[in-house]
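Down below is the structure, laid out as structure tokens.
Values quoted throughout were computed directly from the atomic coordinates according to the rules given, and no laboratory measurement underlies them. Bear in mind that the values here come from a model prediction, so they are computed numbers and not experimental data. We place every Cβ from the backbone using ideal geometry, glycine too, and count neighbours over all the protein chains shown.
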Amino acid sequence: MSAPATNFVITRMTEHDLLEVVEIEERSGLSRWGWAAYYTELQGENRDLMLIARLTSSAADFGGIAGYVVARVSANELHINNVAVREEYRRRGLGLDLLSRVMEKGKELGARTAILEVRVGNSAAQALYEKRGFKAIARRSNYYSDPREDAVVMSLGLDLEKSFS
């Protein structure tokens, strides 16, 4: 399927977005959170760090969410939990835009460092994070299940840049 549009707007995720978010999660091969976990997270203090990219075209036949990011701030650290973009909208800068927006928001909330885990075998995601300035700092054995795989831990100091846009 070809993409009907490349214009999108990034907004805060709501419970009405969760079915599409879970669909994107499942198709992207991320560790499963599922509807209930996202819903619970939306009720907490980190809900402003749950963002979606909605296509501005009405031609989108799937409801319009092209990607999302979910993060948390704790102890001055922004932990990026999930970043996913529908396959047909990848390699268009959407993942970078979502990542940049959540990092800017995390910085506003007092985070000084961003950290994330990514599958060792997910070279496309690692390249995206490296493009944004993240560096590999550690490896976690058997971090992921289904399938079992190690994780690369990546980090970036948020005080190094004035803006992520």
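The modelled label-to-label distance for the pair Ala138/Asp48, using points 7 Å beyond Cα in the direction of Cβ, is 2.8 nm. From most to least packed by mean Cβ count within 10 Å, the peptides 132-145, 11-24 give 11-24, 132-145. As a rough guide to protection, the peptides 108-115, 45-52 ranked by mean Cβ packing within 10 Å, highest first, stand as 45-52, 108-115.
Counting charges near Arg91 (Lys, Arg +1; Asp, Glu -1) among other residues having Cβ under 13 Å from its Cβ returns a value of +1. Matching the structure-derived Kirkwood radius over Cα pairs in Å against the labelled list (1) 16.9; (2) 21.0; (3) 16.1 gives the label (3). The Cα atoms of the range 79-158 give a gyration tensor whose axes a ≥ b ≥ c have a/c of 1.5 or more with a/b no greater than b/c, which makes the shape oblate.
The label-point distance for Ser145 and Glu23, in a model that sets each label 7 Å from Cα toward Cβ, rounds to 2.8 nm. Between the Cα long axis of helix 18-28 and the first principal axis of the chain there is an angle of about 70°, rounded to the nearest 10.
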